[in-house]
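For reference, the structure is listed below as structure tokens.
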């Protein structure tokens, strides 16, 4: 029998706050970059060299966010925002009264990784507006968690768990 890791519910909200800020900046940068630029009503992205697509500020910021999501999936205890919360923030707060299962937030990190990776790949393939749309979707999810404690990825995990697709021990 495996034990379920429990975490302080304030930790993911703290991480979502920082992530939302990063994703908002990535979204704004992607709006100002090559992803949305057009010349004579034709998108410039498809004709742009790959180097220009990669060096776009919005792309680089979204790559950074995707790497943080990946870190949160692979090793959530060592992810930067988790370490910052445990070492700097939590000691200054009252002891936690609520704990949650760590699996839904980890799954949510995977959803964030999937959304941002899709935007990055589509941007590299020359699909206009893919980058800002992916950044906006990821930002919306992070903002909902940060501001209201509503984790979309966690809710997806719970729906999949009820359907018997995740979170169950296999026979």
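The values are calculated or read from the model by the stated rules, or taken from the named source; none is laboratory data. None of these values were measured; they are calculated from a predicted model. Quick reminder, even Gly has a Cβ in these numbers, built from the backbone with ideal geometry, and neighbours come from all protein chains shown.
When residue 4 is tested against (1) surrounded by 14 or more Cβ atoms within 10 Å (Cβ to Cβ); (2) touching a strand residue (DSSP E or B) at 6+ places or on another chain (Cβ under 7 Å), exactly one condition is not met: (1). All of 150, 107 fail the test of being at pLDDT 95 or above, in contact with a helix residue (DSSP H, G or I) (Cβ under 9 Å, 6 or more places away or on another chain) and surrounded by fewer than 15 Cβ atoms within 10 Å (Cβ to Cβ), apart from 150. Would you confirm whether or not the stretch 74-81 contains a residue that is in contact (Cβ under 8 Å) with a residue 60 or more places away in the chain and farther than 19 Å from residue 127 by Cβ? Yes: one or more hits. Does residue 86 qualify as being without any contact (Cβ under 8 Å) to a residue 12 or more places away in the chain and more than 13 Å from the chain's Cα centre (by Cα)? No; evaluated as a whole, the condition is false for this residue. When residue 161 is tested against (1) over 25 Å from residue 62 (Cβ atoms); (2) part of a loop (DSSP other than H, G, I, E, B), only condition (2) is not met. Looking across the stretch 120-133 at every residue that is within 15 Å of the chain's Cα centre (by Cα) and over 15 Å from residue 21 (Cα atoms), the one that is surrounded by the fewest Cβ atoms within 10 Å (Cβ to Cβ) is identified as 133. Residues in the stretch 41-67 that are under 17 Å from the mean Cα position of the chain (by Cα) and surrounded by 20 or more Cβ atoms within 10 Å (Cβ to Cβ): 58, 59, 61, 62, 65, 66.
For residue 99, the conditions (1) in contact with a strand residue (DSSP E or B) (Cβ under 8 Å, 6 or more places away or on another chain); (2) surrounded by 18 or more Cβ atoms within 10 Å (Cβ to Cβ); (3) farther than 30 Å from residue 46 by Cβ all hold with the exception of (2).
A quick yes/no check of all residues on (1) modelled with pLDDT under 95; (2) on the phi > 0 side of the Ramachandran plot; (3) in contact with a strand residue (DSSP E or B) (Cβ under 8 Å, 6 or more places away or on another chain):
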site: 11; (1), (2), (3): yes, no, no
site: 21; (1), (2), (3): no, no, no
site: 26; (1), (2), (3): no, no, no
site: 30; (1), (2), (3): no, no, no
site: 37; (1), (2), (3): yes, no, yes
site: 44; (1), (2), (3): yes, no, yes
site: 50; (1), (2), (3): yes, no, no
site: 59; (1), (2), (3): no, no, no
site: 66; (1), (2), (3): no, no, no
